[in-house]
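J.: Supplied in structure tokens, the structure appears directly below.
Derivation of every value follows stated rules applied to the coordinates shown; laboratory data play no part. Being a predicted model, the structure only gives us computed values, none of them experimental. Note: ideal-geometry Cβ built from the backbone for every residue, glycine included; neighbour counts use all protein chains shown.
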Amino acid sequence: MTLRTSRSLIVITSLIFGSACIASWIAWKYMKRRKKKVFKPYNLCRSIYVVKTSQEWDEVYIQLLNDLQHAKVIGLDCEWVHKNKVALLQLASATDTCILVCMNKLFPSLPASLRALLADKSSEELFDHYGILKVGVAVVDDGKRLEKDYGLKVKGCVDLRHVLKRIRQHFICQSKGLQGLARGVLGVDIDKTKSIRCGNWETEKLSEEQVHYAATDAAVAIDIFLAMVNKKMKHSLLSSEVNFWKLAFSMCQGLIDCSYSGRIHHAGDLSTRPKHINRNKVKNNSYSIRQRPLWDNCKLEAPDGALLCTCDMKKAQWYLDNKLGDAVCEDPLTVRLRFEPANRPQSDRNYYLQEKENLCVVCGHDKDYVRKYIVPSEYRKYLPEQLKDHSSHDVLLLCTDCHRRSCDSDIILRMQLAQECNAPLESGSSAKVVLDHDLQKVRSAARALKANRKTIPEKRVHELEEILKMFYGIGTISQDVLEQATSIDARFNREDYIPHGKKVVEHVKKTKDLLSFQARWRQHFLDTLKPQFLPAFWSVDYVPECWIHQKPQTCS
């Protein structure tokens, strides 16, 4: 090898090595930057008002009410010093207003309008039976603290972490604090400097940093909530501002005034999800996917061979097992009845005469499908037998994705019916089982004394004992009384409870045609899902033949 060739090889080798080093360095910088995601700072974009007197509250309250006419939700947060009373109450509207109420300055002259806003007493008059939601992280605990410190009843609280679980497939939050939710949902960062967070909130004049920090906590909470609803809106085929707020309230059903416990890990919680997931198991737990086709397309014939309907294998076999018919064909199984049926199809264009395909009627997907009742079961079970007996017209197949979308859209019509028929959905004060908070307080006191008496401060032990003594009307607490108190059932069934579905159907029976009620659900399904693969002769105006000669108002 010549000297010249040797030098060329050295140069080429050096270039390759140098290029590899540069490429490695670039890759390392990229991965490092990617690993540490940088979030843009949160933009507050609201007018901030610091309130220290009742007169100042009255002035800004009018602005807040105007905002609430359009968006019936506020962000709520509280600040305090150590174990002292709440010093600052932060309220933020969805549009322009953020109010910082200096509770330590305003108390004891708390305005009645502030009490009403927090207790939501004016909601029925102003907001068409919808309450004013208060959203935030640990907002239920903030409400309890306001009640303990100032006697303020705070109702309509929704912890954002509960809502996140209902749409966890759309957001990944590394932590469940307000900052973690702001990053995961909004893609922004908020200031959580410890010196501000743990500063003196009882000071005569709040610093600019404190004002901005406090306003941000309330404002970002409501922005997170709105972003969650917007994301759900895009996946539910709904539009318009009215539907937006109906969906917002429906997402909070069962979550209002419910405390959040971070110690309870749910299977789908992104922060606790295991690295290796059995996806089939998760899917099966989410939906009861059919293991066999819904439509077997077996046939039933009259004694003269006229086709009566198609049916499933189980029904056809029932006629054979009870010797009510004979098999005249094996594929497809065809059973000829030995008796004259009560009714025969009036036309060959009958829905029940055709063979039906086992696929999603919306998108055509032919796997992992679920049975969908177009008129939900909570209403269907209260309909007259003539409208549901031996009727599969309103039972269709949907894939799991379309079924989920359909259930989301059903919420809107359910809430419309709740208003029209004065039939509240089962949650909160309208639920069948109601919690007696006084009994719960007694039970909690007894359980605390039984389990932790030695570790509870003496003053607190005395308070807990007083709760039991006052409840039982005794001077001393025996072990038997303590055991009895720990077993108190604080729940009771409301005697006047009527299920939402039953109340709706009873209202429709009195004021409208039940056929129109069914048709409304069918039209709702068409409008929201826009199915492309409906069976032939499926109709919004379908009427069972056994109903044609009936008078709907006489049926129960």
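J.: Tell me the net charge near Phe471. Cut-off is 9 Å between Cβ atoms, Phe471 excluded, with +1 for each Lys or Arg and -1 for each Asp or Glu.
T.: Numbers: positive: Lys441, Lys469; negative: Asp438.
So the surrounding residues net to +1.
J.: Under the rule of at least 5 residues apart or a separate chain, name every residue whose amide H is placed under 5 Å from the amide H of His365.
T.: For His365, the qualifying residues are Cys360.
J.: With the cut-off at 27 Å, tell me which of the pairs Lys314/Lys510; Lys72/Lys144; Lys148/Lys454 have Cα atoms farther apart than that. Could you put the intermediate results ahead of the total?
T.: Numbers: Lys314/Lys510 38 Å; Lys72/Lys144 21 Å; Lys148/Lys454 25 Å.
Among Lys314/Lys510; Lys72/Lys144; Lys148/Lys454, the Cα-Cα distance tops 27 Å for Lys314/Lys510.
J.: Can you tell me how the range 128-205 classifies by the Cα gyration tensor, rounded, prolate or oblate, using a/c under 1.5 as the rounded cut? Show your work: numbers first, answer last.
T.: On the way: a/c = 2.53, a/b = 1.12, b/c = 2.26.
Taking the square roots of the gyration eigenvalues as a ≥ b ≥ c, the range 128-205 is oblate.
J.: Also, quick follow-up: Check cross-link reach from Lys105 to the aspartates and glutamates: straight Cα distance under 20 Å, and skip same-chain residues fewer than eight apart.
T.: Once the sequence-local aspartates and glutamates are set aside, what remains near Lys105 is Glu56, Asp58, Glu59, Asp77, Glu79, Asp142, Glu147, Asp149, Glu202, Glu204, Glu208, Glu209.
J.: Each label point is 7 Å from the Cα along the Cα-to-Cβ direction; what then is the distance between the points at His170 and Lys40, in nm?
T.: Placing both labels 7 Å beyond Cα along the Cβ direction yields 2.0 nm.
J.: Further, regarding this structure: Give the residue from Ser487, Gly475, Pro457 lying farthest towards the positive end of the charge dipole for the range 456-496; charges sit on Cβ (+1 for Lys and Arg, -1 for Asp and Glu) and the dipole is referred to the Cα centre.
T.: My answer, from the dipole projection, is Pro457.
J.: Please work out the FRET efficiency for the pair Lys315 and Val543, using the Cβ-Cβ distance as r and a Förster radius of 22 Å; give the result to the nearest 0.05. Working shown, then result.
T.: Working: r = 22 Å, r/R0 = 1.01.
So the FRET efficiency works out to roughly 0.50.
J.: List, in order, the whole-Hz ³J(HN,Hα) value for each residue of the range 162-169 obtained from phi through the Karplus relation with A = 6.51, B = -1.76, C = 1.60 and θ = phi - 60°; use x for Gly and Pro.
T.: 5, 5, 4, 5, 7, 10, 4, 6
J.: If amide hydrogens are placed 1.01 Å from N in the peptide plane, which non-local residues have theirs closer than 5 Å to the one on Asp77?
T.: Excluding prolines and chain starts, which carry no amide H, the hits are Gln90.
J.: Moving on to the next point. Counting other C-beta atoms within 10 Å, which of Trp318, Trp80 has the fewest, and how do the rest follow?
T.: Values: Trp318 14, Trp80 17.
Least to most surrounded, the residues fall as Trp318, Trp80.
J.: Here's something else I'd like to know. Would you mind calculating the relative contact order of the range 47-262 from Cα pairs under 8 angstrom and at least 6 residues apart, reporting the percent as a whole number? Intermediate values should be presented prior to the final figure.
T.: Numbers: 343 pairs, mean separation 51.6, N = 216.
In percent, rounded to a whole number, it is 24.
J.: Let me ask something additional. In µm²/s, what is D for the range 433-493 at 4 °C and 1.567 mPa s, where D = kT/(6 pi eta Rh) by Stokes-Einstein and Rh is the Kirkwood radius from Cα pairs? Mind showing how you got there, number by number?
T.: On the way: Rh = 11.8 Å.
My calculation gives 110 µm²/s for D.
J.: Let me ask something else about it. In debye to the nearest 20, how big a dipole does the range 433-493 give about its Cα centre with +1 on each Lys and Arg Cβ and -1 on each Asp and Glu Cβ?
T.: On the way: 10 positive and 9 negative charges, 51 e Å.
Charge dipole of the range 433-493: 240 debye, to the nearest 20.
J.: Among rounded, prolate and oblate, which fits the range 69-210 when a ≥ b ≥ c are the square roots of the eigenvalues of its C-alpha gyration tensor, a/c under 1.5 means rounded, and a/b larger than b/c means prolate?
T.: Working: a/c = 1.83, a/b = 1.08, b/c = 1.70.
In terms of gyration-tensor shape, oblate.
J.: Quote the FRET efficiency, to the nearest 0.05, computed for Thr455 versus Asp489 with a Förster distance R0 of 22 Å and r equal to the Cβ-Cβ distance. Display every interim value, and only then the final one.
T.: Working: r = 27 Å, r/R0 = 1.22.
It comes out at approximately 0.25.
J.: A follow-up question, please. As I understand it, the dipole of the range 47-262 uses +1 on the Cβ of Lys and Arg and -1 on the Cβ of Asp and Glu, about the Cα centre. Which of Gly177, Tyr150, Thr95 lies farthest toward its positive end?
T.: Gly177
J.: When ranked by the protection proxy of mean other Cβ atoms within 10 Å per residue, highest first, what sequence do the peptides 46-56, 460-470, 215-225, 401-411 form?
T.: Values: 46-56: 17.1, 460-470: 14.9, 215-225: 26.2, 401-411: 18.8.
The most tightly packed comes first, giving 215-225, 401-411, 46-56, 460-470.
J.: Also: I want the local charge near Asp191. Using Cβ-Cβ distances under 10 Å, sum +1 for each Lys or Arg and -1 for each Asp or Glu among the other residues.
T.: On the way: positive: Lys192, Arg197; negative: Asp189, Glu209, Asp217.
Computed value for this residue: -1.
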